Each structure stands twice: as structure tokens, then as C-alpha cells.
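The values are calculated or read from the model by the stated rules, or taken from the named source; none is laboratory data. This one's a predicted model, so the numbers in the text were calculated from it and none came from an experiment. Every residue, glycine as well, gets a Cβ built from its backbone with ideal geometry; the counts of neighbours run over all protein chains shown. Ligands, DNA and RNA are stripped out before the accessible areas are found, and what is left, the full protein with its side chains, is counted by its heavy atoms. Shrake-Rupley method; radii C 1.70, N 1.55, O 1.52, S 1.80 Å.
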Amino acid sequence: MSGLGDLGANAAAGVTGAGHDPNDPNVKAMQAMMESCFGKSAISGVMGFGMGGLFGLFMASMSYDTPFHGAAGATAGGPGAAGGLASKPYTELPMRQQIKIGFKDMGNRAWSSARNFGKVGALYSGIECGVEGFRAKNDLTNSMAAGCLTGGVLARTGGPTAVAGGCAAFAAFSTAIDAYMRSPPKEDI
């Protein structure tokens with residue numbers, strides 16, 4: 001039989017997509033996990049971690065200065081110097097040592113960025129899902145509330161002014177992004 005005949009037979013038997021049965025217990029378990037707030041938060045955290053790692057790696061590789069930002073770290077004996085070499089300008093180190101220090105710096109920046117993006121993604125999506133479940137509505141208010149709470153939590157160590165600023169900034173940003181994502185697609189001319 002041709003591919004179309006097989007597809008018709010599968011559709012008649014209740015199998016959709018690429019041969020997945022919607023009544024399969026494994027499919028139902030995956031759907032339930034994807035619909036839970038914990039599942040959404042975990043997935044957003046993992047995806048944020050991965051995206052943050054790539055972003056940090058890219059930004060570190062595009063850095064045009066030395067890995068030791070500033071005058072105090074511009075020598076091999078500065079903070080983070082590998083091997084405890086004497087105070088020697090970074091550019092006077094052997095190429096192998098420069099590459100080793102550069103890769104170590106790239107890894108540190110990628111790890112730091114990955115942790116931050118993962119934390120923001122998990123926190124925001126978990127809070128938004130909780131707000132949406134509490135309100136039983138899916139609108140821009142959820143994004144605004146989740147953004148405010150997330151911004152406040154992330155800025156909590158900076159004091160009340162930082163919490164208020166983080167709340168306002170993150171709420172405005174998340175509401176703007178959600179409004180854009182909800183806008184109807186523009187017709188191509």
C-alpha cells in the first residue's frame with residue numbers, strides 16, 4: 001500500500017500523527033507532565049539553562065578585551081590566573097597558556113549565564129502557571145503579576161527600592177512580550 005493508504009488506515013484506527021496513539025498511557029503521562037506547573041517550570045528551567053549557556057559562550061567568545069577585565073586582572077598573576085604565574089602581562093604569556101585561560105573564562109561565563117537564565121525561566125514560568133491556575137484565566141494580567149513577582153524575587157537582596165524596580169521592570173517587559181505574542185499575525189502583502 002502507498003503511504004497515503006497507510007495514513008488513512010491509521011487515522012481510521014484512532015492513531016494520529018506519526019503513529020502515536022492518543023490513548024497510550026505513556027502519551028497521557030507526558031501530556032499530564034507538560035500541563036502541570038512543575039513540569040512547565042522544570043522544562044523552562046532546563047531550556048533557559050541551555051539557552052543561557054549558549055548565550056554566555058557566545059558573549060564570552062565575542063569579548064574583545066582580555067579575560068581579566070580591568071587593570072588589576074590584566075596580568076597573569078591577577079585574580080583567576082591559572083598556575084600562579086608571576087605578574088606578567090597577559091599578552092606576554094605563551095599562546096597555549098593564553099588559550100587555556102581564555103577557555104576557562106569562557107566556561108565560567110557560560111556557566112554563570114546558564115544558571116541565571118535557568119533560574120529566571122523556571123521562576124517565571126512556575127509563578128505564571130500558579131497565577132493562571134489561581135485566577136482561572138489566561139490573559140495579560142497573569143504575565144504582569146508573574147513578571148512583578150519574579151522581578152521582586154530576583155531583586156530581593158537589593159532592598160525595597162530594588163524589589164520595586166525589579167517588579168516594575170520585569171512586569172512591563174513580560175507584559176510587552178506576552179502582548180506581542182498574543183497579537184494577531186500580520187498578513188503578508
Whole-Hz couplings from phi, Karplus 6.51/-1.76/1.60, listed for region 170-187; x for Gly and Pro: 5, 5, 5, 5, 5, 5, 4, 5, 5, 4, 5, 5, 7, 5, x, x, 7, 6
Accessible area per residue, Å², region 137-182 with all protein chains present, probe 1.4 Å: 58 Å²
Longest to shortest principal axis, alpha-carbon extents of region 137-182, angstrom: 34, 18, 11
Heavy-atom accessible surface of region 137-182: percent carbon and sulfur, 1.4 Å: 72 percent
Relative contact order (%) - region 137-182, alpha-carbon pairs under 8 angstrom, separation at least six: 45 percent
By average C-beta atoms within 10 angstrom, highest first, the peptides 29-37, 128-136, 168-176: 168-176, 128-136, 29-37
Inter-label distance for Ile43 and Thr91, nm, one decimal - labels placed 7 Å from Cα along Cα-to-Cβ: 5.0 nm
Gain upon complete extension [Phe58, Gln98; 0.36 nm per residue less C-alpha separation]: 12.6 nm
Nearby lysines by direct alpha-carbon distance to Lys40 (threshold 28 angstrom, same-chain neighbours under 8 apart not counted): Lys28, Lys119, Lys137
Value of relative contact order over region 113-189, rounded to a whole percent, pairs C-alpha under 8 Å and six or more apart: 26 percent
